[in-house]
Every structure is written in structure tokens, then in C-alpha cells.
Amino acid sequence: MNLTDLLTSVEIDSSRPAQLEMEKKNIHIEKIAYHSKEVKPQTLFVCIKGHQADGHQYARDAVKKGATVVIVEHFLEELDVLQIKVKDSREALAIISSNFFGNPSKSLSVFGITATNGKTTITYMTEEIFKAQQLKSGLIGTILVKVDKEIEMSRLTTPESYDLQQHFANMRDREISHVSMEVSSSALELKRVYGTEFDVVAFMNISPEHIRLHESFDAYFNAKAALIREASKQSTAILNIDEPLLVPLEKETEAQVVTFGIENQTGTITVSDLRFSSGKPQFKVNITKPFSSLTGKQIDTISFDLKMSVQGYHSIYNALTAVVTGLVNDIPIDIIQKGIKNFTGVERRFQMLYDKKFKVIDDLLLNQNNIDSCMETISHLDYKDLHLVHAIRGNNGPEHSTEIANSLAEWFHKINVNKIILTTAPSHVEKKDKVSEEELDAFLKVMKQNDIDITFYEELDETLRFGVEQLKPDDILLISGAHSMDQGAGKTLELLKEIHPDVDHESINQVLDRKLIGMDPDDVTKKLLQYNSRQENS
């Protein structure tokens, strides 16, 4: 691609404008890279700054490997190639990547969701609605990237801008029409989605989960709010107005705004006739104010029933976000109802691993909102005793351990927790995610202050074994925690078969066959190859 075309819309801050204009016309670029190891001849290399490394340090390596143009934020001495200076190289990378792939998001209907909790679930729900309408769809998120029927595992919740635009281009070339994607606060702050043309954006909730990445709650909020504030006039923004902080955003965007609430009944959409069956919500959706679809068709006031296949009060918010996304994409109500009913959950998001003579549930419990949602959902279930196996999350500081412990302690007596079984699971996390003594002590201090008895095992395997041994008919075993519990579900299900041999082995094996998170990488690769092969032949 000609360098002139590649740099369209990039704000260049160069000290050699005349020379640059001459050189741009004569340079052809075959590849874009932001890692020096990816560089080949005729590559444009972009120096971006990360949390741990600065791409400017690798520019010389990139040139040695064949980079012919380097995008920099400050000129580098003795670099014998064309350097183009920009104010923000991350923004430049996003624009250049979109140009390189032919601005692929323009050819897709892109839905982006930001939230502290629920992003993954909402994208999967929306995907089910698209599937019910028999649309060719794509999904980009924390767990995987899906292109129609083909999937691959993700490395980031929202990919770096070059990788994101490459995914979009792949989807466009495969005739995908609709894409659901998670948009993290980091992705917004680091310009990974800059230049992406979103058709629908949504902001569902916020709590102080990622403040350490943003230095303050205000910075965290503003990073997420940018998805709404920067939405175009042609797009639709969806807001949950039961979250007071989100209400002012309705007046801070040029997009059409559709609001919803369960408690706040002033929105575009309200909920009534709410009831639960085994913890699964059924309710009436009321469109109280007309709004427009993306094609300009009016969506009139109407009420319709919605029945869900997953548990939890919080699931209603997830469903409403997916419902509005379906409506503005001109999907009929009966198809939306079918898609929501078809959604049966996501790995590690209040995932029901086993539901026969006792229940086994897997959830992350990353923050207070996450814990409240999980425990509120459990409160609607019938059970005798609840056994909680929790893996403390490392590398987040003792303050975070204190917050999680306080949240769990508040629920301990409310929902009849029999025992908290605790682990730090050092063998199942990378060095950077290991739990420090300060983090463990902070957690145990809160438990002691609340007179909560803790059974502690250092390693994950023995912790899970003890938890499974506690199970009796009509009990619940809840396994929770971040990175160190990713392998927990697979280990727990195998322990169920060993310790309780009368369990339904077939249903357990079905769950194991579908698992991707925490499984051996070679097994995951085989599963993905088998899955993609089956889908290709179906």
C-alpha cells in the first residue's frame, strides 16, 4: 500500500514536511507491525508505549529486520530510515491499521459493550440473537474471537488496534454482517478501538475494579464513558439508568440514546411482572418511548414477554442490553425472544457445572458487584448448605483482598454459607499473579473480625478435594476466584466422578468437552481444530 494512502487522517508532527511529502509518494508498505519480532522487509513499524516496554527501544531492531518507515513520538538518532513523528503513536497505529485493511468496520454492524461486569455475557447473548436471525456474525472478547462458525482463543479482552482491524477485515472478507465485541477501559484509554465505526454502543455498569490501571475512579469512569461520548450521530447508545453515574451521559453524546432500568422507570424501556422460576427471570419488557433502528425504521411502544434460561437478577440487565441491540438491528421481537431463550451461559460466569443431586457453580467473584450478583442469584435457589471454595486474587494489593473479604462476609450469614475454603494456589498462577503475604493476611483479618471460620489449603488441588468431599444431597459447591481458579472447573468435575461415583458422568463429560478456559493448551488446540472442522462440514 502506498504510504500516502496509509497515512490518511494521521496527524503528523514532522520537522521535515517537504522531504516527507516527496518520500511518501515513493514508498510502498507491505506490512504493519508494533512488535519488532513481526517485522519483515517493507514494514512500517509503530513505536507504541506499553506498561512495561517502550517500542522506541526496539526501533533499531525493527530497522535491521527490514522496516522502511518508523512512526515515533520523538526522533531517534542514527536511525537510517524515514521517521514520521506523531503526537500519539497509539492513535496513529489505530488509524494506519484501519487504512491498511480498508477501514473494515465500515462494512460491518459493530456492537461494543463496556462495563465492569457482564461484558462477556452480553456479547454472547447478543450473538445468540444474531444466530436466531440466521445472520453471519462475529464475536471479539475476553474468552475467544469468533468468525461465523470458526473460533480462536483471545489474548486480550479487546485486541490491540492492528489485531482488531485485522479481525474486522477477516470478518468482512468472510461476509460477516454483525459483530459483538467487549470494549475494556484499557482498550479505550490505549486507543485500541480508535477509528472503529461502532453502530451500537452500550455502558451497563461500573464499580471500582480496575482503578489501579487508571490511577483514579474518575479516570476509569472517563475511559469507559468515552465509548458513549464519542459515539457518532448515526449510532445508538444504550445506557442502564439504574446506575446513577451513567444517567448524565444521555446528554453527553450525539448518538441516539436508548435507556432502560428495572428500578428507574423513567427510561425508554422498563420492566414489569418480574418473577423467578428456579432463579431464572421471566418478565415483561415495556417500550415506553419510540426510537429508531439503524436503518431509520421506527420502533413503536409495545410490551412483550421475555423468558430466560440463566439465573440471576443481574441477568435482566444483560438481557435488556442485548434486546435493544437486536431491536435497533431490525431483528423481530419473536426472534429476539428465541435468542434470549437459547442463551444458556458462559464459562466462569455463574456457570452451572453440575445440577443433579447437588449443584456445582463456577464464578469469578472479582469485585463487590460481581459478588452481590452471584450471591443474590444463589439466594433464589433451593439448597441446604453452601460450601465456598475461593482462590484469592494476587497482584491487586491488600486493599483489594480486604474489599473482597468484606463483600463475602456480608453474605456469609444471609445465604447460609457452611464453610469458606480458601487457597492461594501458587502453582496455578504466573509469578506476577502470586498472592503476597499482605494480601492473604488482609483477607484473613476480615474473616477473623467477622468470626468466620476458614479452612485454608495452600494448593488448589487439595482445596478443591476438600470442597467436593463436603458435598451432600441438595448442597451447593461454589468455586470462585480469578486466574488461579481457571483450572478449577475441570479439576472439580473430575473429583466429582472420583469422590461421588454415582454422579451423572455423561453430563459431566459434556461440560468437560466444551471447556476451554484453564484447559491444557494442546487440548484446547485439538478442541478448536475439531470444532472448526465440524462447523466447516456442517
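The values are calculated or read from the model by the stated rules, or taken from the named source; none is laboratory data. Remember, it's a predicted structure, so these values are computed and weren't measured experimentally. Please note: Cβ atoms are built from the backbone with ideal geometry, for glycine as well, and neighbour counts cover all protein chains shown. Note: areas computed on protein heavy atoms with side chains; ligands, DNA, RNA excluded. Shrake-Rupley method; radii C 1.70, N 1.55, O 1.52, S 1.80 Å.
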Length gained when the stretch residue 254-residue 445 is fully extended (0.36 nm per residue, less Cα-Cα span): 63.9 nm
Heavy-atom SASA rank of 475, 173, 54 (probe 1.4 Å, accessible area, largest first): 173, 54, 475
Cα shape, segment 1-97, gyration tensor, a/c 1.5 rule: rounded
Computed [θ] at 222 nm, helices only, for the chain once each DSSP H run of length n ≥ 4 contributes -39500 (n - 2.57): -11000 deg cm²/dmol
FRET E, pair residue 504, residue 156, Förster distance 41 Å, beta-carbon r, rounded to 0.05: 0.65
Pairwise label distance in nanometres, residue 402 with residue 430, each label 7 Å out on the Cα-Cβ vector: 2.8
Relative packing of 252-259, 289-296, which averages over residues the other C-beta atoms within 10 Å, highest first: 252-259, 289-296
Pairs of Cα atoms farther than 20 Å apart, segment 22-181, %: 55
Segment 1-102: GluC sites (Glu not before Pro) in DSSP coil with no more than 14 other Cβ atoms inside 10 Å: 11, 30, 77, 78
Segment 1-101 - charge dipole about Cα centre, Lys and Arg +1 at Cβ, Asp and Glu -1, debye rounded to 20: 260
Options 418, 470, 488, ranked by Cα towards positive dipole end of segment 380-538, top entry (Cβ charges): 488
Charged-residue dipole, Cβ positions (Lys, Arg, Asp, Glu), segment 345-466 about Cα centre, Debye nearest 20: 360
Cleavage-rule hits (GluC sites (Glu not before Pro)) in segment 368-447: DSSP loop, at most 13 neighbouring Cβ within 10 angstrom: 430
Residue-wise HN-Hα coupling along segment 376-392, computed from phi with Karplus coefficients 6.51, -1.76, 1.60 (Hz; x: Gly, Pro): 5, 5, 4, 5, 8, 9, 8, 6, 8, 10, 10, 10, 10, 9, 10, 9, 4
Percent RCO, i.e. relative contact order, over segment 138-248, from Cα pairs under 8 Å lying at least 6 residues apart: 22
Check: the chain dipole with +1 on Lys, Arg Cβ and -1 on Asp, Glu Cβ, in debye: 1200
Relative contact order computed over the chain (Cα-Cα under 8 Å; 6+ residues apart), in percent: 10
Net charge of neighbours whose Cβ lies under 11 Å from the Cβ of residue 374, counting Lys and Arg as +1 and Asp and Glu as -1: -3
Segment residue 215-residue 474, length gained on full extension (0.36 nm per residue, minus Cα span): 88.8 nm
For segment 423-538: relative contact order, % (alpha-carbon pairs under 8 angstrom, 6 or more apart): 24
Cα lying deepest toward the dipole's positive end in segment 182-267, options 190, 200, 247, charges on Cβ: 190
Listed residue pairs exceeding 23 Å between alpha carbons, taken from 131/497; 149/341; 149/527; 119/414: 131/497; 119/414
Acute angle (nearest 10 degrees) that the helix 161-173 long axis makes with the longest principal axis of the chain, alpha-carbon atoms: 90
Correct option for Cα extents along the principal axes in Å [calculated from the coordinates] among [x] 72, 55, 40; [y] 76, 52, 45; [z] 78, 56, 49: [z]
Spatially proximal aspartates and glutamates relative to residue 289 (Cα-Cα < 12 Å; intrachain offsets below 8 disregarded): 300
Linear extension gain, residue 305 paired with residue 64, 0.36 nm per residue minus alpha-carbon span: 80.5 nm
Label-point separation in nm, residue 234 to residue 280, each point 7 Å along Cα→Cβ: 4.0
Among 123, 135, 158 the positive-end extreme of the charge dipole of the chain (Cβ point charges): 135
Under 16 Å from residue 40, Cα to Cα: lysines that are on another chain or at least 8 residues apart: 31, 64, 65
Degrees, to the nearest 10: 314-328 long Cα axis against longest axis of the chain: 40
Pairwise label distance in nanometres, residue 530 with residue 265, each label 7 Å out on the Cα-Cβ vector: 5.2
Between helix 505-514 and the chain: long-axis angle, C-alpha atoms, 0 to 90°, nearest 10: 20
